[in-house]
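Just below is one structure, and these are the notes that go with it.
Every number here is computed from the coordinates shown, using simple stated rules; none is lab data. Note that this is a predicted model, so its numbers are computed, not measured. Here Cβ is always computed from backbone atoms with ideal geometry, including for glycine, and neighbour counts include all displayed protein chains.
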Amino acid sequence: MEQQIKREVATQTAGAASSQGRKRDVTAPQKKAGLTTQDLILIAVLLAAGAVLKLTVGSLLSSMGMKPNFIIAMYCLAIILTRPKVGQALIIGLLAGLICQVPMLNATPLLNIPSELLGALACGLLIKIPMNIGGKLDLNPLVNTFLSTVVSGGTFALLAIYINVVSTGGDVMVALATYAAIVFGTATFNAILVQVLAMPLKKVLKR
């Protein structure tokens, strides 16, 4: 009788452990494998919107002395919302650079490809850094977009100065000062725009 009781206790214990194991398996969180179809559609829409805004609103603001770059802002917003892997972020940057090759969007061919690649790389790395204030306000879109725009714009500026100024014997310091004002002004504009757009879009898209 004693042995039978021990066997029943052992059987019940094993069953309980198995049940707990199954519960843990069911409730284990699933990691994101990659970009979903919804993510790809969102990225395409935002890149297209960036091109249209740069062609229309950007041209209007440029005539008023401002130099916004909506394509950088939109690919930063796309990366922040979809949180791709670093390699996928580079592809988004490459696509943005290729879009910039449209003659109406770019006065200096090819320079946008390396600049947007590096800008998207910076954005893809910076999304991994938490920047919450008080557990509620997420400043990652603001800081991330500002720094990514500086990386992208700075790369473009250095290449443009080398090609258009250094090679022709022009004044490098004047060119650097001019481009620095444009880059930091654009970075500030982009950072505010993306921060304002990211908050409601995250709620609507449940991200």
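Give me, ordered by chain and number, the residues 5 or more places off residue 131 or on other chains with an amide H under 5 Å from its own placed amide H.
Distant-sequence amide H within range of residue 131: 139, 140.
May I ask which of 136/202; 136/206; 54/85; 54/136; 85/202 have a Cα-Cα span longer than 21 Å here?
Details: 136/202 13 Å; 136/206 15 Å; 54/85 27 Å; 54/136 32 Å; 85/202 19 Å.
In this structure, 54/85; 54/136 lie more than 21 Å apart at Cα.
Mind putting together the pair-distance distribution for segment 37-205? All Cα pairs, 5 Å bins, whole percent per bin, short to long.
Histogramming segment 37-205 at 5 Å steps yields 1, 9, 18, 23, 21, 14, 8, 4, 2, 1, 0 percent.
Report the label-to-label distance for residue 101 and residue 203 in nanometres (one decimal), using points 7 Å from each Cα along the Cα→Cβ vector.
The two pseudo-label positions are separated by 4.1 nm.
Quick one: if you stick a label point 7 Å off each Cα along the C-beta vector at residue 83 and residue 131, how many nm between them?
1.6 nm
By per-residue mean of other Cβ atoms within 10 Å, what is the highest-first order of 128-140, 185-197?
Details: 128-140: 10.4, 185-197: 20.2.
Peptide ranking by packing, descending: 185-197, 128-140.
If you put +1 on each Lys and Arg Cβ and -1 on each Asp and Glu Cβ, how big is the dipole of segment 37-205 around its Cα centre, in Debye rounded to 20?
420 debye
Residue separation times 0.36 nm, minus the C-alpha to C-alpha distance between residue 168 and residue 181: what's the value?
On the way: separation 13, 0.36 × 13 = 4.68 nm, distance 2.21 nm.
Here the answer is 2.5 nm.
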